[in-house]
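Right, one structure below, let's go through it.
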Amino acid sequence: MLVAVGREPVTDTVGLDAIGLEPNEDGVLETDHQARTDRDTVFAVGDVAGEPMLAHKAYAEGHVAAEVIAGEPAALDHQAVPAAVFTDPEIGTVGLTAAEAEQEGFDPVVGRMPFQASGRALTLGEDDGFVRIVADADTEFVLGAQIVGPEAAELVAEVGLAIEMGARLEDVAATIHTHPTLSEAVGEAAANARGEAVHTLNR
């Protein structure tokens, strides 16, 4: 069972009216790609800037805001913000699900690798779960991943990097992963999406 009470921005106690700023109906200060609000000299980061309300997203926003204030050419890119749920087994997600990809006009292809086929997961005694990777069928650009299993919060970073750099399924599948490791499941899921998996049945 997971009980998630959620969080909300606290913008009603900081005197925003004194500087002519007004949050939206959800209490969020809307920002542009540089974390800038409607006031050019006021920036908003973290929970007050809206979803996803995650510490690492807030850090990235703060980093960009500081660079912009310092006169550097920085901008936010939210396409690959990972999220994790530290349950047992862990859950890690990044980018789009297949349904979300379809809604955005992609023709998604999905590759999967169960941890029951991972030698490392078996030796750890933690073989519940899977790696699922989502890509565009036409271009094979990696769009997202959902991972359930041991170290999912760590493993999802590889797919986040793939999305950030515009990698294709072939790039991930052709990357040589150390054996035996959990990360092999990411490469194998990419291979599965291409119909080239060795350790699991191809889609």
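The values are calculated or read from the model by the stated rules, or taken from the named source; none is laboratory data. The shown structure was predicted, so the numbers you read here are calculated from the model rather than taken from an experiment. Cβ coordinates were reconstructed from backbone atoms using ideal geometry, including for glycine residues, and neighbour counts include every protein chain displayed.
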>> List the helices (runs of 4 or more DSSP H) inside the range 47-140, counting only whole elements, that have at least 3 residues being in the same structural domain as THR31 (by TED's automatic domain parsing) and at pLDDT 95 or above.
In response: 55-69
> For the range 117-137, which residues satisfy the criterion of being of a type in the set (Val, Ile, Thr) and out of contact with any strand residue (DSSP E or B) (no Cβ under 9 Å at 6 or more places or on another chain)?
Replying inline: THR123
> Any idea how many residues of the range 34-71 are over 19 Å from GLU164 (Cβ atoms) and out of contact with any Gly (no Cβ under 6 Å at 6 or more places or on another chain)?
Replying inline: 22
> Which of the residues belonging to the range 5-31 are in a helix (DSSP H, G or I) and surrounded by 11 or more Cβ atoms within 10 Å (Cβ to Cβ)?
Replying inline: LEU16, ILE19
> Pick from the range 78-126 the residues that are of a type in the set (Ser, Thr, Tyr) and surrounded by 17 or more Cβ atoms within 10 Å (Cβ to Cβ): which of them is farthest from ASN192 (Cα to Cα)?
Replying inline: THR93
> in a helix (DSSP H, G or I), charged (D, E, K, R) and either touching a residue at least 24 places away in the same chain (Cβ under 8 Å) or out of contact with any helix residue (DSSP H, G or I) (no Cβ under 6 Å at 6 or more places or on another chain) (or both): does that describe GLU158?
Replying inline: yes
